[in-house]
Amino acid sequence: MRYFDRTQLDRVFEPRSIAVVGDKASSGFGWLLRFKDFDGALYSVHTNPSSISAIEALGITNHRRVTDVPRPLDYVLVNTPRRTAVDVFTQCIEAEVGGVAYFTSGFAETDAEGCAMQEEIARLARESGVVLFGPNCMGVYNPARNVPSSAGMPVGEAGPVAMLSQSGTHSGFFARALFAWHGLRERRGVSFGNAAALDAADLVEYLGDDDHVSVLAAYLEGIGQADAGDHERFTRGLARVAAKKPAIIWKGGATGDGARVTANHTGSAPVTPQDWGRILATTGAIGVDSMEELVDTTATIVKLGRLRGPRAGLLVLTGGQGPAITDTFVRHGLSVPALTQGSLDELATFFDPIGGSYRNPLDAAYATETPAMLARDLDVLDRDPNVDFVVMDFFGLVMSAHRVQNDYGLGQRHLSDLPDAGGERFIDAIAAHAQRATKPFFAIVSAAETEQEGLELRAVLRDAGILVFASAERAAAAYSNALADWGRRK
C-alpha cells in the first residue's frame, strides 16, 4: 500500500463520525438521510442558508466549513461541484480527517481541466496521508455501522463477503442482490470510481487481508496506470489474496468499445484481454462476465463450502427439463452420469415409473406424491458413488402430486403450501434434506406461470437455507466457477 497504513483505512471503514459536504435540497438531502441510522455522529457542511435551515429541521447539525466540525472526524462524503474539490480537500487535511470520498464527478473521465484537478487532489492525498476514495464514486459501505453507499443496501448486520467496485451502481446492486437472491450480507464494501490515489491493488489487499472476509468480489474497469509497474503490483497483491481465499472479479471494458466506454466512465486505463487473461491465470482469481455470475458464484462458494466434483445427481419435475439442464451442465464442464446399479435397485422398490423415470435425471413429477417419497429420492442421489452434488429443478413451480391436489381440493397451489395427508410440506422435506445431505445441494427455479410466483418460490427456498438459482445456466456457471476454485485449493 502506498501512502496510508491499515490503521488509517480501518478508521475510515469503521467511522465514529461522518460529515456530508454540500448535500443537495434538490435530491431531498439523500446522503444525509442515507446515513440517518449511522451508529455515530453525523454532521452537515453547507453554506446555503435555505439548505442549512432545512438540514437543521432534520435534526442534523450543520457547519460552514469542514474545519468547524468537532474532531476527530473520520469520514467525509463530498457532494459539491468539482470547482470546490481542492478547497474541500485542503479543509479535510487541516481537520485531520481520516478519509474523503468524492461523489462529485467531472474529473479524469471528462476533460483536461478535470484531469488536472483530479491529479491535484490525488497529490494532496498522497502528501497528507488523508485517504481519497474516487473521485466519481459512492464511497465506503459498512452494514454493521449502518453506513450504506447507496439507497437500499442492507444494514444492521455484517456477513462474510467484501466487495470493491469502480461503479457505484454495481456496488449497491451487488449488496442488494446478494441479500435478496441468496440471503447473504457483506462485511465491508467500497465504490472507488476513478481511483486517483487509492486503487484496485490497494483495496484488494486491504479487504482481502480481513480475516472476517471469506470471499472477495470485485467489479473493476482498470487496475492502475497502463504500465508494467501497476500491473505487476496489482497481480502480486491479488495472487497473495487469492492464495488465501476466493477472489471473484468481473472486469468491465473487456472489448475495444468497452474499454472506450470505461475510460468515459471512470477514466480507467485500458487492460487488454490478453493481459487480463494472464493476470487471472497467474493469480488464480475467478473471472466472471456479469453481475449475475458475480453474485451467484459468491453465494455458491459461501453456501456450499467444500465441493467434491463435477457429477450431478438431478431431480426434475418434468421430463423435458432433464436433457435441457444436462446439456447446460455439460457445456460448463459438468456431467449428469448414470447412477450405480445399487441406486437403481433401491429406486425400483418404491419409485412408480408411470409418467416418470428413475434414471439420472430422476423424472419425479408423477412419482413424488408425498414429502417422504421426495426425501427418499434425494437421499438415494446423495448416497450414489457416481454423484458429487445434487440438484432439484422446479420448472413450472408446482410439485405435481396430482392425486394429493385432487383428493384435498388444493388445485394449483404454491409448493410451500402443498401438504400431504399428514400435513407435512414438501418444502420441509427439501430443507431437511439440505441439512443432512453429505454432498452439496441446490435448487433451480427457472420458469413459472408468473414472474411473481418464481420470486416467491425462490424466496421460500432461500429462507429455508437452500441455495437457489433463477436458471440452469446461472447455476452451472456458478458451480463450475466454485468447483474450479476448490480444485485449485485442495
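Pull up the DSSP beta bridges for region 65-200 and report the antiparallel fraction as a percent, rounded to 5.
Given both bridge residues lie in region 65-200, the antiparallel proportion sits at roughly 25 percent.
Rounding to the nearest 20 debye, state how big the charge dipole of region 89-139 is about its Cα centre with +1 on each Lys and Arg Cβ and -1 on each Asp and Glu Cβ.
Result for region 89-139 is approximately 160 debye, rounded to the nearest 20.
Carbon-plus-sulfur fraction of the accessible area of region 297-360, 1.4 Å probe, in percent?
On region 297-360, the fraction of accessible area on carbon and sulfur atoms equals 51 percent.
Between A437 and K24, with labels modelled 7 Å along Cα→Cβ, what's the label distance in nm to one decimal, could you check?
It works out to 4.8 nm between the two label points.
Give me, ordered by chain and number, the residues 5 or more places off C137 or on other chains with an amide H under 5 Å from its own placed amide H.
Y102, F103, T104
Defining a contact as two alpha carbons under 8 Å apart and six or more residues distant in sequence, what relative contact order in percent does the chain show?
10 percent
For region 5-55, with only Lys/Arg (+1) and Asp/Glu (-1) charged at the beta-carbon, what is the dipole magnitude about the Cα centre, in debye rounded to 20?
140 debye
Tell me, what ³J(HN,Hα) does each residue in region 203-214 have, in order and in whole Hz, if you take phi through Karplus 6.51 cos²θ - 1.76 cosθ + 1.60 with θ = phi - 60° and put x for Gly and Pro?
6, 4, 5, 5, 5, x, 7, 6, 5, 8, 9, 9
Would you work out which of A19, S290, L374 lies farthest towards the positive end of the dipole of the chain? Charges go on Cβ: Lys and Arg +1, Asp and Glu -1.
Looking along the dipole axis, the top candidate is A19.
Calculate how steeply helix 291-304 sits against the longest principal axis of the alpha-carbon atoms of the chain, using the helix alpha-carbon long axis, and give the answer as 0 to 90 degrees to the nearest 10.
Result, in degrees: 60.
By how many nm would the segment from K244 to A41 lengthen if fully extended, with 0.36 nm per residue of separation less the alpha-carbon distance?
Gain on stretching K244 to A41: 69.5 nm.
Rounding to the nearest 20 debye, state how big the charge dipole of the chain is about its Cα centre with +1 on each Lys and Arg Cβ and -1 on each Asp and Glu Cβ.
Result for the chain is approximately 860 debye, rounded to the nearest 20.
What is the set of long-range amide H partners of H63 at a cut-off below 5 Å, with H atoms built 1.01 Å from backbone N?
Correct list: S44, V45, H46.
Figure the gain on full extension for L33 and L455 (residue separation times 0.36 nm, minus the Cα-Cα span) and round it to one decimal in nm.
Between L33 and L455, full extension yields an extra 149.0 nm.
Given the options P361, A197, V390, identify the residue whose Cα lies farthest towards the positive end of the charge dipole of the chain (+1 on Cβ of Lys, Arg; -1 on Cβ of Asp, Glu).
About the Cα centre, the residue reaching furthest to the positive side is A197.
Distance in nm between label sites at R65 and R278, each 7 Å beyond Cα in the beta-carbon direction?
Modelled inter-label distance: 5.1 nm.
Just order 143-152, 466-475 by mean Cβ neighbour count inside 10 Å, highest at the front, would you?
Descending packing order for the listed peptides: 466-475, 143-152.
Reachable lysines from K303, Cα under 30 Å, same-chain residues fewer than 8 places away excluded?
Partners within reach: K244, K245, K251, K439, K490.
Compare the peptides 184-194, 95-105 by average per-residue count of other Cβ atoms within 10 angstrom and give them in order, highest first.
Listed from highest to lowest mean packing, they are 184-194, 95-105.
Give me the 1.4 Å probe accessible area per residue for region 220-356, excluding ligands and nucleic acids, in Å².
Spelled out: the 1.4 Å probe surface of region 220-356, per residue, equals 43 Å².
At 1.4 Å probe size, with the rest of the protein present, what percent of the exposed accessible area of region 190-245 is carbon and sulfur atoms?
Answer for region 190-245: carbon and sulfur cover 48 percent of the accessible area.
Counting heavy atoms of the protein chains only and a 1.4 Å probe, report the per residue accessible area for region 1-130 as a whole number of Å².
44 Å²
Counting Lys and Arg as +1 and Asp and Glu as -1, what is the net charge of the other residues whose Cβ lies under 10 Å from the Cβ of G284?
Net local charge, G284 excluded: +1.
Using r as the Cβ-Cβ distance of R383 and N264, and R0 as 60 Å, what FRET efficiency do you calculate, to the nearest 0.05?
Given R0 = 60 Å and the Cβ-Cβ separation, E is 0.60.
Per DSSP helix of 4 or more residues, -39500 (n - 2.57); summed, then divided by the residues of the chain. What does that give at 222 nm, rounded to the nearest 500?
So the calculated ellipticity at 222 nm is -13000 deg cm²/dmol.
For the chain, give the share of DSSP beta bridges that are antiparallel, in percent and rounded to the nearest 5; count only bridges with both residues there.
10 percent
Can you list the residues, at least 5 places off or on another chain, whose amide H is less than 5 Å from the amide H of F469, using H built in the peptide plane?
Excluding prolines and chain starts, which carry no amide H, the hits are A443, I444, V445.
Using label points projected 7 Å from each Cα along Cα→Cβ, tell me how many nm separate S471 and R308, to one decimal.
2.9 nm
At a 1.4 Å probe radius, carbon and sulfur cover how many percent of the accessible area of region 1-132?
Accessible surface attributable to carbon and sulfur in region 1-132 totals 51 percent.
The values are calculated or read from the model by the stated rules, or taken from the named source; none is laboratory data. The structure presented is a predicted model; accordingly, all values stated were derived computationally and were not measured. Glycine gets a Cβ as well: all are built from the backbone with ideal geometry, and neighbour counts include every protein chain shown. Heavy atoms of the whole protein, side chains included, go into the accessibility calculation; ligands, DNA and RNA do not. Shrake-Rupley method; radii C 1.70, N 1.55, O 1.52, S 1.80 Å.
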